[in-house]
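Please read the structure below before turning to the comments.
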Amino acid sequence: MSIWNYVVTAHKPTNVTHSCVGNFTGPQELNLIIAVSHLFGHAKSPLACGLATWYRKDIPVGLCWVVDDAMRFMTGYVGRANIRENRHARAFPPHGETQDLLFVATERYKFCVLQWDAEAAEVITRAMGDVSDRIGRPTDNGQIGIIDPDCRLIGLHLYDGLFKVIPFDNKGQLKEAFNIRLEELQVLDIKFLYGCPRPTIVVLYQDNKDARHVKTYEVTLKDKDFVEGPWSQNNLDNGADLLIPVPPPLCSITRAYGRVDADGSRYLLGDHNGLLHLLVITHEREKVTGLKIELLGETSVASSISYLDNAVFFVGSSYGDSQLIKLNLHPDAKGSYVEVLERYVNLGPIVDFCVVDLERQGQGQVVTCSGAYKDGSLRIVRNGIGINEQASVELQGIKGMWSLRSASDDPYDTFLVVSFISETRILAMNLEDELEETEIEGFYSNVQTLFCHDAIYDQLVQVLLATGGGHLVYLEIGDGVLTEVKNAQLEYDISCLDINPIGDDPNYSQLAAVGMWTDISVRIFSLPDLNLITKEHLGGEIIPRSVLLCSFEGISYLLCALGDGHLLNFVLNTSNGELTDRKKVSLGTQPIALRTFSSKNATHVFAASDRPTVIYSSNKKLLYSNVNLKEVSYMCPFNSAAFPDSLAIAKEGELTIGTIDDIQKLHIRSIPLGEHARRICHQEQTRTFAISSLKYNQSSVEDSEMHFIRLLDDQTFEFISTYPLDQFESGCSILSCSFSDDSNVYYCVGTAYVMPEENEPTKGRILVFAVEDGKLQLIAEKETKGAVYSLNAFNGKLLAAINQKIQLYKMMMALHEEGAIEERARDYNANWMSAVEILDDDIYLGAENNFNLFTVRKNSEGATDEERGRLEVVGEYHLGEFVNRFRHGSLVMRLPDSDVGQIPTVIFGTVNGVIGVIASLPHEQYAFLEMLQTNLRKIIKGVGGLSHEQWRSFYNEKKTVDAKNFLDGDLIESFLDLSRNRMEEISKAMNVPVDELMKRVEELTRLH
């Protein structure tokens, strides 16, 4: 691997930290705005998919992720908005305006005010600025941003002892900011009070004796100072950490998460156990008389609760899946008032993961330890689309398949026609929903069928022979009549053809696509006159084997599949037959057969080959997703009453009917555990996973923890064996390995005894397990003088990191210490490391707690011991994510003929649910992409005026330096989403053709 690295996101962050509701896209549109780590996403994001629009009276209510495509680069630009209770992302209506603006502040002390432009359908920047100070200690409890309910000012608490004020003028414009000295240093929360003649804040703080108090201040904009507020409250409950201001007429303060009523009389509370309570403030007129709490039911562990309308709430979660819930008037059989309408997958926090090939297809899958508390789970993440088998039958030698209906207006397919080399069989569903052989009157069954299809006038057409010698014939179907309309003699033999209708008339096509032998071309003929209107030479020596006319998202395409597994696609002008935007991708190594099918009212294309692929369109861009099957010979849609929306698939010696997964790039399967999985390891030989997990027990008076080592079957993911750890003992590391002179494989587990009175554990264990008859058997154990934070196999021995020491063990009936490890080199920069990985013998990758990545290189050729003992920093990059684990591996199948198949990759997982890929590039490719990235920065401007270059710069408390030897793959791959004009602008600046740029970037997308 090299020092030149390409960082790209395979799965965007899904950890919802906070949410708010406002009229952002229009005064009559109610929007839910969600903060997901450093991303403010749009409804096309994975979390938002499937959230429907409903209505409150005349006001449409739906999910708007703050940004549309124009604002995608907030992923890279906004940075980590460590939002606490909507404090950094807040919708507010300025003076004299009916549409809300959005205020966003970042951890690097930048802010912007955003507005939705309905005419342009994009987000625009109303204001932006820098609120950093040269002096001041950054607050330990996180930055806080609040907006006065009457829109008189914005307040920010960024540094201990300072409260920054950004006033509004009478026209709603921001004025110059200033600081006010704040006596309270350990601030836990700040909010504005409602209904005050002057802007008034309430401060929840902790004194130096750890007691918690509340104090109020009035902000005098004229004097730029505080005046003591109307009231204060001392000695609050020690657990108080959140304030929610109650609007008039009650105007009091309570702890809450989501307000139900505009008058502030009811709130929803979510606790760390995922229980949802309703808090009711009882009052007489304007006087509060008491509080009542009622248990409503259970949700994911909530990090935010936003009330939409009609008793519908959004529950955002950092520890489990986010949910759209409805509160019912009457409880269900379990006594719960909560009904989950939708669930939005959240992989965060990814504490650990492993890369495995469970289906043994040469494609890696990521199995993550996700979530926490009761929402802990395993998630199986795979690239590609799965087929859920409904029925199968052994059939050898299939040469083609087609589905037919009994009548043109029949909503379902009735027959499945299967062609063999010397016969044709017709299958149909019987009353028991089983496939059985049948007959169709007039259908030839004793010969091979080349093609058949439903036709108008409730007819079927069956093709039994084809012409040769370049003879092309056009026939039209009438009522009981087949008429030859036109024929043409071509100079070469025809290899494939298609007349799939893509115009307004579904029964007639205006164009025919023909693939040719000899000159290796594809031709477009007009119908019915068979005039040649376009001829496109494909190049090379491989003939086209399948052509298809199709339409995605209103754009017509010609797809042309070659005999070597390559696919060419062209944009087709249906009025003149012109072919443009030629692109070529590799889908496999064998000939491809193309067929259209529908899924969820959208048209897709199935490419059957040794690497079956579904071709679909998103944002008017063709995408390719692997189908998780081995070689597929033929496919046809089979939408029968018994198997709706199914596909019939011919594999080696087998016919399968199954439904297809949602058409998307990544698929996630959830295995709920009800406990927190913290470490995971796979053992290929025993086909098992071992996990270290933590279960919280809330049944006792005090919450308690129980730790386990659990064994799971790697196909069913069921617990098959459990080893309980001792009281206070926690699993820290887990490894599958073998030892010298021993062919058996073992699970090795490192633990720590976490005692309440100890700052760092002084005792731990190394446990060695064998899997015998599906059970964990303890083979050996060794007590250690500290926590076993990490384990690794090393030359047939076991390497353990125990507190600050590295210890080597060998296995001889029991574990024995073998000796110390000698330090050869170190990085002398002080970093709080969260994950490390070896890229090669000399280059190492690290992630630290300021959300940065860096690489260091061992100076093996140094002249002195000091030079050889120092690791040189050769790469630095701000990722904006807290990385918990690196693993070597790939999410995609590595095809040997693909350029990216030779690029080594490392996968990483983060607290916010991101799965990313780091690819090490050759220097020539890196230099080319760096030039592309530089030009993209000039063309694409970040929302809010935020600088991409500054966002990606390495940043911690000690230094800020430009990113070095890392490229932002998310920015580079956004090139494919640009308009043609912008692409050409970049092409001109780089002096590289647009097609070449697109080809090279599209190859990179196949890394993930």
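The values are calculated or read from the model by the stated rules, or taken from the named source; none is laboratory data. These numbers come from a predicted model, not from an experiment. Quick reminder, even Gly has a Cβ in these numbers, built from the backbone with ideal geometry, and neighbours come from all protein chains shown. Accessible surface areas use protein heavy atoms only, side chains included; no ligands, DNA or RNA. Shrake-Rupley method; radii C 1.70, N 1.55, O 1.52, S 1.80 Å.
Structure above, values below:
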{"quantity": "Scan of the range 572-602 for residues that are of a type in the set (A, V, I, L, M) and closer than 20 Å to L497 by Cβ, ordered by number", "calculated": "L572, L579, I592, A593, L594"}
{"quantity": "Residue match in the range 804-811 (condition: of a type in the set (V, I, T), open to solvent by 20 Å² or more (accessible area, probe 1.4 Å) and not in a strand (DSSP E or B))", "calculated": "no"}
{"quantity": "Those residues of the range 898-913 which are open to solvent by less than 20 Å² (accessible area, probe 1.4 Å), outside any loop (DSSP other than H, G, I, E, B) and modelled with pLDDT of 75 or more, in sequence order", "calculated": "T905, V906, I907, F908, G909, T910"}
{"quantity": "Residue count for the range 783-803, restricted to those that are out of contact with any Ser or Thr (no Cβ under 8 Å at 6 or more places or on another chain), surrounded by fewer than 21 Cβ atoms within 10 Å (Cβ to Cβ) and not hydrophobic (A, V, I, L, M, F, W, C)", "calculated": "3"}
{"quantity": "Residues that are assigned to a strand (DSSP E or B), β-branched (V, I, T) and touching a residue at least 40 places away in the same chain (Cβ under 8 Å), drawn from the range 557-597", "calculated": "V585, T596"}
{"quantity": "Within the range 950-972, tally of residues that are more than 17 Å from E1003 (Cβ to Cβ), modelled with pLDDT of 90 or more and not in a strand (DSSP E or B)", "calculated": "5"}
{"quantity": "Count - residues of the range 254-290 that are open to solvent by 50 Å² or more (accessible area, probe 1.4 Å), aliphatic (A, V, I, L, M) and modelled with pLDDT under 80", "calculated": "2"}
{"quantity": "Index of the failed condition, D504 passing every other in (1) touching a residue at least 60 places away in the same chain (Cβ under 8 Å); (2) out of contact with any Asp or Glu (no Cβ under 9 Å at 6 or more places or on another chain)", "calculated": "(1)"}
{"quantity": "Total residues in the range 813-860, condition over 30 Å from E783 (Cβ atoms) and hydrophobic (A, V, I, L, M, F, W, C)", "calculated": "10"}
{"quantity": "Subset tally (residues that are loosely packed, with under 15 Cβ neighbours inside 10 Å and either in a strand (DSSP E or B) or among the hydrophobic types (A, V, I, L, M, F, W, C) (or both)) for the range 123-163", "calculated": "4"}
{"quantity": "Subset tally (residues that are touching a residue at least 60 places away in the same chain (Cβ under 8 Å) and of a type outside the set (G, A, S)) for the range 258-304", "calculated": "4"}
{"quantity": "Residue within the range 809-820 that is touching a residue at least 40 places away in the same chain (Cβ under 8 Å) and touching a Gly at 6+ places or on another chain (Cβ under 6 Å) present", "calculated": "no"}
{"quantity": "Matching residues in the range 706-721 - criterion: being open to solvent by 60 Å² or more (accessible area, probe 1.4 Å), closer than 17 Å to E675 by Cα and either of a type in the set (F, W, Y) or in contact (Cβ under 8 Å) with a residue 12 or more places away in the chain (or both)", "calculated": "M706, F719"}
{"quantity": "Flag if L629 is farther than 27 Å from G503 by Cα and touching a residue at least 12 places away in the same chain (Cβ under 8 Å)", "calculated": "yes"}
{"quantity": "Filter result for the condition that a residue is within 28 Å of V21 (Cβ to Cβ), touching a residue at least 40 places away in the same chain (Cβ under 8 Å), crowded, with 16+ Cβ neighbours inside 10 Å and in contact with a Phe, Trp or Tyr (Cβ under 8 Å, 6 or more places away or on another chain), over Y319, Y344", "calculated": "Y319"}
{"quantity": "Matching residues, the range 652-682, being crowded, with 20+ Cβ neighbours inside 10 Å, in a strand (DSSP E or B) and among the basic types (K, R)", "calculated": "R678, R679"}
{"quantity": "Residues that are under 49 Å from the mean Cα position of the chain (by Cα) and open to solvent by 50 Å² or more (accessible area, probe 1.4 Å), drawn from the range 476-500", "calculated": "E476, I477, Y492, D493, L497, I499"}
{"quantity": "Number of positions in the range 741-769 that are within 20 Å of A814 (Cα to Cα) and open to solvent by 60 Å² or more (accessible area, probe 1.4 Å)", "calculated": "4"}
{"quantity": "F975 being open to solvent by less than 10 Å² (accessible area, probe 1.4 Å), under 30 Å from T613 (Cα atoms), assigned to a strand (DSSP E or B) and among the aromatic types (F, W, Y)", "calculated": "no"}
{"quantity": "Residue list for the range 530-553, restricted to those being part of a loop (DSSP other than H, G, I, E, B), touching a Lys or Arg at 6+ places or on another chain (Cβ under 6 Å) and open to solvent by 40 Å² or more (accessible area, probe 1.4 Å)", "calculated": "E553"}
{"quantity": "Residue that is most open to solvent (accessible area, probe 1.4 Å) [pool: residues in the range 843-871 that are outside any strand (DSSP E or B) and in contact with a Leu (Cβ under 8 Å, 6 or more places away or on another chain)]", "calculated": "N859"}
{"quantity": "Any hit, the range 460-470, residues being polar (S, T, N, Q), touching a Leu at 6+ places or on another chain (Cβ under 7 Å) and buried (at least 18 other Cβ atoms within 10 Å of the Cβ)", "calculated": "no"}
{"quantity": "Yes/no for L358 being hydrophobic (A, V, I, L, M, F, W, C), crowded, with 22+ Cβ neighbours inside 10 Å, closer than 30 Å to R611 by Cβ and in contact (Cβ under 8 Å) with a residue 12 or more places away in the chain", "calculated": "no"}
{"quantity": "Residue list for the range 603-636, restricted to those being in a loop (DSSP other than H, G, I, E, B) and open to solvent by 10 Å² or more (accessible area, probe 1.4 Å)", "calculated": "D610, R611, N619, K620, N628, L629, K630, E631"}
{"quantity": "Among residues of the range 167-181, those that are farther than 16 Å from P149 by Cα, assigned to a strand (DSSP E or B) and among the aliphatic types (A, V, I, L, M), counted", "calculated": "1"}
